[in-house]
1. Name the residues in the stretch 343-364 that are modelled with pLDDT under 95 and near ligand 1 (Cβ under 8 Å from one of its atoms), would you?
2. For the stretch 232-253, how many residues meet the condition of being more than 15 Å from ligand 2 (Cβ to nearest atom) and open to solvent by 20 Å² or more (accessible area, probe 1.4 Å)?
3. Within the stretch 21-39, track down each residue that is more than 9 Å from ligand 1 (Cβ to nearest atom) and at pLDDT 90 or above.
4. Could you say which residue among Asp177, Asp126, Asp214 is closer than 21 Å to Gly93 by Cα and out of contact with any Lys or Arg (no Cβ under 7 Å at 6 or more places or on another chain)?
5. For the stretch 182-198, what are the residues that are open to solvent by 20 Å² or more (accessible area, probe 1.4 Å) and either more than 16 Å from ligand 2 (Cβ to nearest atom) or among the aliphatic types (A, V, I, L, M) (or both)?
6. Within the stretch 327-336, can one find any residue that is surrounded by 17 or more Cβ atoms within 10 Å (Cβ to Cβ), in a loop (DSSP other than H, G, I, E, B) and among the hydroxyl-bearing types (Ser, Thr, Tyr)?
7. Of these, Gly384, Gly354, which one is out of contact with any Leu (no Cβ under 8 Å at 6 or more places or on another chain) and either open to solvent by 60 Å² or more (accessible area, probe 1.4 Å) or within 26 Å of Lys276 (Cβ to Cβ) (or both)?
8. Name the single residue that is most open to solvent (accessible area, probe 1.4 Å) among those in the stretch 207-227 being of a type outside the set (A, V, I, L, M, F, W, C) and within 15 Å of ligand 1 (Cβ to nearest atom).
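The values are calculated or read from the model by the stated rules, or taken from the named source; none is laboratory data. The structure presented is a predicted model; accordingly, all values stated were derived computationally and were not measured. Virtual Cβ from ideal backbone geometry, glycine too; neighbours counted across all protein chains shown. All accessible areas refer to the heavy atoms of the entire protein, side chains included, with ligands and DNA or RNA removed. Shrake-Rupley method; radii C 1.70, N 1.55, O 1.52, S 1.80 Å.
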Amino acid sequence: MKIRLIDPAYEHPYFSHSQKVIKNIWFARLTLTTLAALTPSNIEVKITDENVEPIDFEEDVDLVGVTGMMMHAPRAYEIAQRFRQREIPVVMGGPHASSLPLEAKQHVDAVVIGEAENVWGGLIEDVKKGSLKPFYQAESFCSMEKLPFPRLDLLHKDAYMTINCVQTTRGCPHQCDFCHVTHFFGKTYRCRPVDEVIEEVKRLEGDFLVFIDDNITGNRRYAKELFTRLKPLKKKWASQASMTLTRDPELLKLAAESGCVSLFIGVESLSSENLKDVNKSFNQVHQFEEGMKAVHDHDILIVAGLIFGLDHDDEGVFERTLRFCERNRIELPSFFILTPLPGTALFQRMESEGRLLHKDWSQYNGATVVFKPRLMTEETLQRGFNWACKEGYSWGSIFKRVCHPQQRFVTRVLSNIAYRSIAQRTPEGYLPSLSRILQRMNDTIPLQNTRDLIQRVGDKIAEKKLLIGQKAADTLKLYSIYNERLKTLFVRLEGSMDREGAKELVERLKGALHANVQKVILDFKDVGAFSAEAIALLSRKGLLQTEEGRLWIAVNPPGILG
Ligand code: B12
Ligand code: SF4
């Protein structure tokens, strides 16, 4: 019996790569090499990764297996159709088929839902008997013990940056709403025996490997043991981890000592509200800068995952995020557009809110807008994302991010050049017109004079000066968010306001009006103290009016002075 396993290619300006780029930055997934390893040894099994070689549709085979993420689905179905025309049975598995088995079944003879370990052998027996069933799904997750080592020998070694890929864990202890991992693996986090991982690593040629885990430090005790055992092997490795790693100095140190040179870290958003919305509050925004520094201090290169289009993202998000990457010298920013993948909590929410634009899965690729964003239009999100990709890999931005004293300078530069070649293929983008203004509208204005401040008590202003012993905040903070759909700017003010602060606020707001903002809502609730001059100025400029329908609307304005 002969089996051909196929990984479909994907035509896209951002995600499909030339052979040269694949050779520079790409590694093979473990999907088909794992499946091949599970195949009984008396069966001939071969792999085609369509990204690196064409498919032979005339090949004489008895079974074709196709894998695929969401965006690969249309191509996977085309491939299936070509083989089925020749009456060769086709089975499909992987993230897409597992999320939408009924849809996949319309295009293939059998669908494997979830992991293959406990069903693949039986499926092959059924093919031999000519009694292939429509669906295969294991009753439980497979044991992580004694998993066969993936058949890396079946890959074209020279086509990729590396074929040295190893998986140590499956799943993730977290459940971020947009992530497919928890949907696929349930709430489980399973670890392979460290002995077996070490044995697999020892067998790899060369000194570099990728741990393709979704979160290699999800179980800290396990990770510490693994890293300790890796040290003597003197390999270099890359993987994915969550921000929580940066809060455990011992773990980070062990990772570095065991050869970690690069980590993909899901930063996702610089807004705590966004992170809360998608169940990722364990990412603490106030800790980001310190966390990035800790990783750099261990000479580990950061590939940061950053998502645009979350519900609290306005037009300012693109520039704000890019500047964050530059300030923190993130070597490889990896920008994504929020994508509701079927099976995830995010998909359910978007679907129930009627916000999905279509279900053309080929567009569900992390680089295309497939839903209605809350605070901006689809076009602004798409163009802003394109801008960030291009601008983020402009020479100026690369320079800001890679020029620092840590080691591996050459690696930093070369990997940026490789990413730059991808980013340059991104369609034209632009920075939304309000971006600059929004950066200024999210700022801290120092006070010039705290002596004459009058404190707000309850919703009134106290009669005279600050109450004894109570210190006024010596800054005025502006938190602004713009709703492009409503053409409305919301500004929440916090701290104290003297005349200079009020003047500065008026100046900045003038800039917003020039940029076609049709309404400004100013919330004064968190301003604890004002100077009489500040109130007079705001009042003169019409910023304290509360009537609906006006250009300026004040919420919780300071009461009348005593
Ligand atoms: C490595 C990896 C990558 C690499 C891929 C390199 C490459 N050459 O393609 C990189 C980092 C570049 C990458 C990029 C992206 N990835 Co990715 N990636 C992974 C990751 C972490 C590991 C894949 C792997 O090797 N798994 C190990 C194997 C053994 O598991 P498996 O693939 O699930 O296969 C098992 C079963 O599914 C089943 N099975 C699978 N296929 C088949 C086929 C048949 C016939 C049968 C019988 C069974 C079967 O059997 C296997 C053994 O049990 C997975 C997460 C994960 N844990 O799988 C995400 C994952 C696959 N990626 C995902 C996504 C979305 C992307 C991106 C779109 C970016 C993004 N927005 O996150 C891009 C797209 C890139 C592209 N061009 O395809 C999603 C897919 C979700 C979905 N529903 O489509 C996943 C699940 C992660 C997530 N957070 O949700 N990725
Ligand atoms: S931490 Fe990462 S892998 Fe884990 S659920 Fe969240 S996004 Fe997915």
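1. Of everything in the stretch 343-364, just one residue is modelled with pLDDT under 95 and near ligand 1 (Cβ under 8 Å from one of its atoms), namely Gly343.
2. Counting residues in the stretch 232-253 that are more than 15 Å from ligand 2 (Cβ to nearest atom) and open to solvent by 20 Å² or more (accessible area, probe 1.4 Å) gives 8.
3. Ala36, Ala37, Thr39
4. Numbers: Asp177 fails: closer than 21 Å to Gly93 by Cα; Asp126 fails: out of contact with any Lys or Arg (no Cβ under 7 Å at 6 or more places or on another chain).
Sole residue among the options that is closer than 21 Å to Gly93 by Cα and out of contact with any Lys or Arg (no Cβ under 7 Å at 6 or more places or on another chain): Asp214.
5. Once the filter is applied, which keeps residues that are open to solvent by 20 Å² or more (accessible area, probe 1.4 Å) and either more than 16 Å from ligand 2 (Cβ to nearest atom) or among the aliphatic types (A, V, I, L, M) (or both), the stretch 182-198 yields Pro193, Asp195, Glu196.
6. No.
7. Working: Gly384 fails: out of contact with any Leu (no Cβ under 8 Å at 6 or more places or on another chain).
None of the other options fit; the residue is Gly354.
8. Only one residue fits best here, namely Asp214.
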